[in-house]
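**Q** Dumping the structure here so I can ask a few things about it.
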Amino acid sequence: MEKVILLIEDDIVLAENTKELLELSGYGVITSHDGKSGFQKAFKEEPDLIISDIMMPQWDGYQVYEELQKHQK
């Protein structure tokens, strides 16, 4: 069973390049281009690992982390 990574990155080129590298290493990758939708995908998809940019539109990486901490299952 492959591990799934949620990649939250607003720079689309960087996100796609990182996604490709992770997939070549055998990981499943879900992408999100802003913090708020990344937070929503984290609960819907339940990834094994979340990699998040810090400076993003809507919610920054710190807000994503804080909200995830508040809503742990």
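**Q** For region 1-22, which residues satisfy the criterion of being open to solvent by 90 Å² or more (accessible area, probe 1.4 Å) and under 17 Å from residue 45 (Cβ atoms)?
**A** Of everything in region 1-22, those that are open to solvent by 90 Å² or more (accessible area, probe 1.4 Å) and under 17 Å from residue 45 (Cβ atoms) turn out to be 1, 2, 3.
**Q** Also, quick follow-up: Return the residues of region 38-73 that are farther than 23 Å from residue 2 by Cα and of a type in the set (Ser, Thr, Tyr); say none if nothing qualifies.
**A** 62, 65, listed by residue number.
**Q** Please verify whether residue 7 is on the phi < 0 side of the Ramachandran plot, touching a strand residue (DSSP E or B) at 6+ places or on another chain (Cβ under 8 Å) and not charged (D, E, K, R), treating the condition exactly as stated.
**A** Working: on the phi < 0 side of the Ramachandran plot: yes; touching a strand residue (DSSP E or B) at 6+ places or on another chain (Cβ under 8 Å): yes; not charged (D, E, K, R): yes.
Criteria met by residue 7.
**Q** So, in region 23-49, of the ones that are farther than 24 Å from residue 67 by Cα and touching a residue at least 12 places away in the same chain (Cβ under 8 Å), which residue ends up surrounded by the fewest Cβ atoms within 10 Å (Cβ to Cβ)?
**A** This residue is 26.
The values are calculated or read from the model by the stated rules, or taken from the named source; none is laboratory data. Everything numeric here is computed off the predicted structure, so don't read it as measured data. When we count neighbours, we look across all protein chains shown, and the Cβ atoms used for this are built from the backbone with ideal geometry, even at glycine. Only protein heavy atoms, including side chains, enter the accessible area calculation; ligands, DNA and RNA are left aside. Shrake-Rupley method; radii C 1.70, N 1.55, O 1.52, S 1.80 Å.
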